[in-house]
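Only one structure is covered here, and it is reproduced in the block below.
Quick note: the coordinates plus some simple rules give every number you see, no bench work behind them. Keep in mind the model is a prediction, meaning the values are calculated, not measured. In this analysis, Cβ positions are derived from the backbone assuming ideal geometry, glycine residues included, and neighbour counts consider all displayed protein chains.
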Amino acid sequence: MNLPNDPIMLLSVVNMRLRDSGDSFDELCCCADCDPQQVQQKLGQIGYIYDREVNQFVRGNI
C-alpha cells in the first residue's frame, strides 16, 4: 500500500487504518511495507505522536 506524502493526508489514512483494523502501528507499517520511523518523523513535523494507549496519532506537545 502506498501511503500519502502529504502529512495531513498521511495522518488521516494512518489513523483510519489503525482505528478500523485494530492493528498496532508496527503491524500497520509491516502490512503497508513502510518504515515506521519515516511515518513518525513526517507526522512529528506537524506535531503528532503515536499514543500506544489509544492506538492513534495524537497532537503532542510542541
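Based on the Cβ-Cβ distance of M16 and N61, what FRET efficiency does E = 1/(1 + (r/R0)^6) give at R0 = 30 Å, to the nearest 0.05? Efficiency, rounded to the nearest 0.05: 0.80.
Counting helices only, and only those DSSP H runs with n ≥ 4, report the 222 nm mean residue ellipticity of the chain as the sum of -39,500 (n - 2.57) divided by its residues, in deg cm²/dmol to the nearest 500. All intermediate terms of the calculation are to be shown ahead of the outcome.
Numbers: 3 runs with 32 residues, N = 62.
The helix-only estimate for the chain comes to -15500 deg cm²/dmol at 222 nm.
What are the semi-axes of the equivalent ellipsoid for the chain, taken as the square roots of 5 times the Cα gyration tensor eigenvalues, largest first, in whole Å? Mind showing how you got there, number by number?
Working: eigenvalues 52, 37, 20 Å².
Sorted largest first and rounded, they come to 16, 14, 10 Å.
Extension gain for the segment Q45 to E27, taken as residue separation times 0.36 nm less the Cα-Cα distance, is 4.2 nm to one decimal.
Gain in length, V54 to N5, computed as 0.36 nm per residue apart minus the alpha-carbon separation, to one decimal in nm? Could you put the intermediate results ahead of the total?
Values: separation 49, 0.36 × 49 = 17.64 nm, distance 2.39 nm.
Fully extending the segment from V54 to N5 adds 15.3 nm.
Backbone amide hydrogens, once placed in the peptide plane, bring Q56 within less than 5 Å of D51, excluding anything fewer than 5 places away on its chain.
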